[in-house]
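Participant: A single structure is presented below for examination.
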Amino acid sequence: MTARTLVLLKPDAVRRGLIGEIIGRIERKAGWTISALELRTLDHDTLEQHYGEHKGKPFYEPLVEFMASGPVVALVVEGERVIEGLRALAGPTDPIAAAPGSIRGDYGVIVRENLIHASDSEESAERELKIFFPGRF
Ligand code: RTP
Ligand code: MG
């Protein structure tokens, strides 16, 4: 099924010069298209909307500080099974548990600094697209 998903290359990925590497992996998947792409620094309001489900958890405040610590690359990717596909390409939240070959498995160590966000469901994707690209999707 064709779908759309919101991807963020987190500040650690941008700082470490991994934008090209990560976007290259997405581009090389057959049948996926990047339909929006922007470098921007996120404010706390945007992050509260995006990560609202985690408010009150012990990792929430450090997560928001980290996500606001430098620019991210926000992308919209469209294509066949792209929501589950990007979650698989990213790997599990904890990079140490992520298999080599996945983005988090190849480049991450710290749970918070796990390089990439990808929407976890159709509902999340629709909600997140409206936060990051209002009026465009
Ligand atoms: P994301 O939302 O960023 O795509 O990541 P995810 O679905 O794999 O993981 P989620 O549970 O939604 O957590 C959001 C982000 O919070 C940071 N985190 N830190 N125990 C911790 O220190 C902890 N747990 C989560 C990670 O950056 C995670 O991606
Ligand atoms: Mg999540």
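Participant: How many of the residues in the stretch 48-60 are touching a helix residue (DSSP H, G or I) at 6+ places or on another chain (Cβ under 8 Å) and either away from ligand 1 (no atom under 11 Å from the Cβ) or small (Gly, Ala, Ser) (or both)?
Facilitator: 3
Participant: Given the options 74, 118, 68, name the one that is of a type in the set (A, V, I, L, M), surrounded by 14 or more Cβ atoms within 10 Å (Cβ to Cβ) and within 11 Å of ligand 1 (Cβ to nearest atom). It would help to see each step written out before you state the result.
Facilitator: Details: 74 fails: within 11 Å of ligand 1 (Cβ to nearest atom); 68 fails: within 11 Å of ligand 1 (Cβ to nearest atom).
Being of a type in the set (A, V, I, L, M), surrounded by 14 or more Cβ atoms within 10 Å (Cβ to Cβ) and within 11 Å of ligand 1 (Cβ to nearest atom) holds for just one of 74, 118, 68, which is 118.
Participant: Can you tell me which residue is nearest to ligand 2 (Cβ to nearest atom) among those in the stretch 48-78 that are more than 23 Å from residue 137 (Cα to Cα) and among the aliphatic types (A, V, I, L, M)?
Facilitator: 63
Participant: Could you please give the count of residues in the stretch 4-43 that are aromatic (Phe, Trp, Tyr) and at pLDDT below 95?
Facilitator: The number of residues fulfilling the criteria is 0.
Participant: If you don't mind, there's one more thing I want to ask. Condition first: surrounded by fewer than 19 Cβ atoms within 10 Å (Cβ to Cβ) and β-branched (Val, Ile, Thr). Now tell me which residues in the stretch 15-39 satisfy that.
Facilitator: 19, 23, 33, 34
Participant: Now for a different question. Regarding the stretch 25-32, can at least one residue be identified that is within 14 Å of ligand 1 (Cβ to nearest atom) and on the phi > 0 side of the Ramachandran plot?
Facilitator: No, because not a single residue in the stretch 25-32 is within 14 Å of ligand 1 (Cβ to nearest atom) and on the phi > 0 side of the Ramachandran plot.
Participant: Something else about it: Being away from ligand 2 (no atom under 16 Å from the Cβ), closer than 25 Å to residue 122 by Cβ and of a type outside the set (A, V, I, L, M, F, W, C) narrows it down to one residue among 25, 16; which is it? Give the steps one after another, and end with the answer.
Facilitator: Numbers: 16 fails: closer than 25 Å to residue 122 by Cβ.
It is 25.
Participant: Here is a follow-up. Quick one: count up the residues across the stretch 96-137 that are more than 18 Å from residue 39 (Cβ to Cβ), out of contact with any Gly (no Cβ under 9 Å at 6 or more places or on another chain) and part of a helix (DSSP H, G or I).
Facilitator: Looking only at that region, the number is 8.
Participant: For the stretch 79-95, indicate whether the set of residues that are β-branched (Val, Ile, Thr), assigned to a loop (DSSP other than H, G, I, E, B) and within 14 Å of ligand 2 (Cβ to nearest atom) is non-empty.
Facilitator: yes
The values are calculated or read from the model by the stated rules, or taken from the named source; none is laboratory data. Everything numeric in this text was worked out from a predicted model, so none of it was measured. With ideal geometry, Cβ positions are generated from the backbone for all residues, glycine too; neighbour counts draw on all protein chains shown.
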